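The next block holds one structure in the form of structure tokens; read it before the comments.
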Amino acid sequence: MSTGKILGIAFVLGAFGAGWYMGSGHDEAPVITSSSGGASYSGGYKEEPLASNQGAVKKRSTEGQTLIVNDGDSIQAAVKAASPGDTIQVMPGTYSETVYIDKDDIRLIGVIKAGERATMDGLGKLNDAILYSGNNIIIENFKITRYKGNGIMSQAGNNFEIRNNLIMDTGVYGIFPQLGTNGLIEHNVVSGIEDAAIYVGMSDNIHVAYNEVFDSVAGIEIENSRHAIVENNYTHNNTGGILAFITPGLPIKTTYDVIIRNNFIVDNNTPNFGAPGSTVAGIPAGTGILVMAADDVIIEGNIISNNKTAGILINDHGSAANITLDPESDPNADRTMILDNVMLNNGYDTIDEIKAFALTEMHTGPIDIFHIGPSEDSCIINRHRYKTVGIGDFTECDFTNTDSVDSYLIPGGAKPRVIESSERGKIAYLGVCTGCHTYTGRMIGPPVKVIQALYMDNPEGLAEYINAPIKKREDYPEMPPQNYLDAETRKAVAEYMLSVTR
Ligand code: HEC
């Protein structure tokens, strides 16, 4: 999501006053905590009792048919013909189209034959490869390349599985579920993405595992989401490796209960090539893990090496530049919990603002862990192992591992989300339009306020425009057609866009 620069980092010096931690010069024996054995984390997601959830889960039908799409055929035509419960097998070949799935219980499976994949090629012209808003969707085995917007994006689909896809050189987001509950993203290889390779937005109960993400601005991003585990991923050569944060101003206001464990977070020093004005454009190159304003984030068992700004960077909204505080979002990163990690050679060429703050603690030289801003109840074990700045008020954690938490996925599945027709416009607006339009600012498209002035009494005109946009402004790119949305949704989103007030 893009709401102004997140980390143009102009830290407010002196914001941090609680306790000084000298990195050197003490001969006292450190507190050494064994990371094997010991207490396990006892917080995190607790499943709600049956009534609210499981009874209502509709199981995926096992009686569906299999539809075959051959090279040269249209995948979208198969989606049109499919019924809930069906599997669509897409044979190896090249498909240049946008597929939109607005039904439940569809498996869209690329067939791999002797290494040849079903390849979706946007030819550098199409915006999105696969969009869905259905529940219980599975997307597997595709190769997706040369799209301008999203590789795989969902709005409000619950119980999804996105697995074993290769997504390269594809626009703004590689894999981007938004407003979904209970989803698994695993074994994907995603590279060359201008914003986030894997971007979990406003979602709950998410598991991101065994992915390789590289050559992108943000590797894996958990934004305004709760109960997410990011584990066993390899994130390298991005601008930032793994990020957990709150973007202010979105309808969902919190990020908490995130476990980032057993990942390789290496060499994330790629110069930032995010679109100016996008959220991630302000991430300093060389950030291993970023925790901004998110609460209850546990960082455990990662190998974090060669990230030149910092291995782990923790900050509040107040110390990031260009953030408009949201009175409904707590700006502080509380309860960050750092367990054992292997950290090597981080923060060796950091940004001036971090250097300056480090100097207030008489710290010079490399930095593994950097924290700025108010924070309550954060903790760490074996702090003596790392080069640290700003963690003087972190206590010793009273647990050493997260072995008690396998995953935050909901075993029986989440209740399918039903989109009321009154919600349609809002969800499409949040899911699609806010990727490029903000209320007052210039993003990829012009501000919504300007659009409102043009179309105030004319929602029909707006709906027509988005169906087949024509080039209007010299200093903006073209807007991609939104003709995959049905007419009713286009009308609803037009009305919604004209009604928003911030
Ligand atoms: C991939 C980015 C992108 C997305 C997604 C997007 N827009 Fe746009 N939009 C643009 C750009 C760029 C322009 C400016 C185009 C121009 O002036 O030629 C624009 C312009 C517009 C305009 C101005 C038309 C005019 O007559 O001046 C409207 C209305 C609009 N968008 C509505 C929407 C709605 C509604 C959605 C969501 C369904 C949406 N846009 C999604 C990029 C986007």
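The values are calculated or read from the model by the stated rules, or taken from the named source; none is laboratory data. Just so it is clear, the model here is predicted, and its values are computed rather than measured. Neighbour counts run over all protein chains shown; Cβ positions are idealised from the backbone, glycine included.
Descriptive notes on the structure:
- Of the strands (runs of 3 or more DSSP E) lying entirely inside region 83-132, those carrying at least 3 residues that are at pLDDT below 95 are 99-101, 128-132.
- When Leu430 is tested against (1) within 12 Å of the ligand (Cβ to nearest atom); (2) within 30 Å of Thr336 (Cα to Cα); (3) not in a helix (DSSP H, G or I), just one condition goes unmet, and that condition is (3).
- Subset tally (residues that are in a strand (DSSP E or B) and in contact with a Phe, Trp or Tyr (Cβ under 6 Å, 6 or more places away or on another chain)) for region 289-334: 6
- The residues on offer are Asp204, Asp215, and the sole one that is touching a residue at least 12 places away in the same chain (Cβ under 8 Å) and over 14 Å from the mean Cα position of the chain (by Cα) is Asp215.
- Restricting attention to region 160-182 and to residues that are closer than 18 Å to Asp121 by Cβ and within 16 Å of the ligand (Cβ to nearest atom), the residue that is surrounded by the most Cβ atoms within 10 Å (Cβ to Cβ) turns out to be Gly174.
- Filter result for Val493 (of a type in the set (Val, Ile, Thr) and either free of Cβ contacts under 8 Å to residues at least 60 places away in the same chain or within 9 Å of the ligand (Cβ to nearest atom) (or both)): yes
- Candidates in region 462-492 are the residues that are β-branched (Val, Ile, Thr) and at pLDDT 95 or above; of these, the one that is surrounded by the fewest Cβ atoms within 10 Å (Cβ to Cβ) is Ile470.
- Strands (runs of 3 or more DSSP E) wholly inside region 164-215 that include at least 3 residues being touching a Ser or Thr at 6+ places or on another chain (Cβ under 6 Å): 204-209
- Any hit, region 282-297, residues being within 29 Å of Gly44 (Cβ to Cβ) and surrounded by fewer than 24 Cβ atoms within 10 Å (Cβ to Cβ): yes
- Residue ID - nearest to the ligand (Cβ to nearest atom), chosen from residues in region 441-457 that are touching a Ser or Thr at 6+ places or on another chain (Cβ under 6 Å) and assigned to a loop (DSSP other than H, G, I, E, B): Met443
- Selection within region 249-268 - assigned to a loop (DSSP other than H, G, I, E, B) and surrounded by 21 or more Cβ atoms within 10 Å (Cβ to Cβ): Thr255, Asn263, Asn268
- Note on region 183-195: residues that are at pLDDT 95 or above and surrounded by 24 or more Cβ atoms within 10 Å (Cβ to Cβ) total 5.
- Residue within region 216-225 that is buried (at least 20 other Cβ atoms within 10 Å of the Cβ), assigned to a loop (DSSP other than H, G, I, E, B) and of a type outside the set (S, T, N, Q) present: yes
- Residues satisfying the stated conditions in region 458-490, i.e. in a helix (DSSP H, G or I), more than 10 Å from the ligand (Cβ to nearest atom) and touching a residue at least 40 places away in the same chain (Cβ under 8 Å): Glu488
- Condition broken by Met337, with the remaining ones in (1) closer than 19 Å to Glu396 by Cβ; (2) assigned to a loop (DSSP other than H, G, I, E, B) satisfied: (2)
- Yes/no for Lys426 being basic (Lys, Arg) and modelled with pLDDT of 95 or more: no
- Residue match in region 68-76 (condition: touching a residue at least 12 places away in the same chain (Cβ under 8 Å), surrounded by 14 or more Cβ atoms within 10 Å (Cβ to Cβ) and among the hydroxyl-bearing types (Ser, Thr, Tyr)): no
- Among (1) farther than 20 Å from Ile444 by Cβ; (2) out of contact with any His (no Cβ under 8 Å at 6 or more places or on another chain); (3) surrounded by fewer than 23 Cβ atoms within 10 Å (Cβ to Cβ), the one test that Asp204 misses: (2)
- Per-region count, region 382-427, residues in a helix (DSSP H, G or I) and under 25 Å from the mean Cα position of the chain (by Cα): 5
- Subset of region 133-148 [surrounded by fewer than 24 Cβ atoms within 10 Å (Cβ to Cβ) and either within 16 Å of the ligand (Cβ to nearest atom) or of a type in the set (Ser, Thr, Tyr) (or both)]: Thr145, Arg146, Lys148
- The set of residues from region 289-314 being in contact with a Gly (Cβ under 6 Å, 6 or more places away or on another chain) and either modelled with pLDDT under 95 or among the hydroxyl-bearing types (Ser, Thr, Tyr) (or both) comprises just one member, Thr309.
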